[in-house]
Amino acid sequence: MSGLARGTDGRRRCAWGVSAPDYVAYHDEEWGRPVTGDDGIYERLTLEAFQSGLSWLTILRKRENFRAAFAGFRIGAVAGFDGTDVERLMADAGIVRNRAKIDAALANAVAAAAMSESLAELVWSYAPRSPRRAARRLADLPSATPESAALAGELKRRGFRFLGPTTVYSTMQACGIVNDHLAGCAIRPEVEADRATILRPDG
């Protein structure tokens, strides 16, 4: 099938998931698996925003540096960062030193900390109500959807920054709010089973 490639174990996966060693574990163990904690959602939103204009591989390879720099992406901790922290982050060669993205990451932590409800519950409330047929090629996947546009608008209304419909949709993919593993990918059924435990009516 177009868009798939065999891994070293012979299983077919989304081709990007075997295109570099760093991608294999991320594709198999994380991408599309449900993330239901507030800090986990915040981490993905932040990393997807930093990825804008860059390769995701660049972000993935710097991920542990990002976690160290941003206090493990604990919302409460990052919400308390000040100007000294901004200068520290701007001097940290282990992350992406973009002032607008760093400022947005801190502002988003403040916005998330100020919410009366769970950030994860808000984000998951925008999961599509109707399942979409699995795409057969990466080119068939949308870059944004009505749900991601609506969620981006709601997050902006709450004070979040640097999060447009495309960045938000990438977050929805990463967090399992949608399952965009391609048709025939060996991991797709596993992800769908994981998502079913979150999305079932009595879940």
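Quickly estimate the mean residue ellipticity at 222 nm for the chain, helices only: each DSSP H run with n ≥ 4 gives -39500 (n - 2.57), and the total goes over all residues, rounded to 500.
So the calculated ellipticity at 222 nm is -14000 deg cm²/dmol.
Using C-alpha positions alone, give me the convex hull volume of the chain per residue in cubic angstrom.
Spread over its residues, the Cα hull of the chain gives 115 Å³ apiece.
Considering the alpha-carbon set of region 1-51 alone, what are its Rg and its Dmax in angstrom?
13.1, 36
For N65 and V24, compute 0.36 nm times the residue count separating them, minus their Cα-Cα distance, and round to one decimal in nm.
Fully extending the segment from N65 to V24 adds 12.8 nm.
In whole Å, what three semi-axes, largest first, describe the equivalent ellipsoid of region 85-139 built from its Cα gyration tensor (square root of 5 times each eigenvalue)?
32, 21, 7
Rounded to the nearest 20 Debye, what is the dipole magnitude of the chain about its Cα centre when Lys and Arg each give +1 and Asp and Glu each give -1 at the C-beta?
So the magnitude is around 660 debye.
So for each of 95-104, 165-174, 36-45 I average, over its residues, the number of other beta carbons within 10 Å; can you give me the resulting order with the highest mean first?
My ranking of the peptides, most packed first, is 165-174, 36-45, 95-104.
Please work out the C-alpha center-to-center distance from region 155-193 to region 13-61 and express it in whole Å.
Centre-to-centre distance over Cα atoms comes out at 10 Å.
Treating region 62-112 as a set of equal point scatterers at the Cα positions, no solvent, please give the Debye-formula log₁₀ I(q)/I(0) at q = 0.13 Å⁻¹.
Ignoring solvent entirely, the Cα scatterers give -0.24.
Region 1-98: percent of C-alpha pairs farther apart than 16 Å?
63 percent
Which is farthest toward the positive dipole end of the chain among T46, A20, N98, measuring Cα position about the Cα centre, with Cβ charges +1 (Lys, Arg) and -1 (Asp, Glu)?
A20
Want the number for R161 to S116: 0.36 nm per residue separation, take away the alpha-carbon distance, what's left?
14.3 nm
Report the FRET efficiency, 1/(1 + (r/R0)^6), for A150 and A193, where r is their Cβ-Cβ distance and R0 is 35 Å, rounded to 0.05.
Efficiency at R0 = 35 Å is approximately 0.85.
Here, each number is a calculation from the coordinates, and none is a lab measurement. Quantities reported herein were computed from a predicted structural model and do not represent experimental measurements. Using ideal geometry, Cβ is built from the backbone for each residue, glycine included, and neighbour counts are taken over all protein chains shown.
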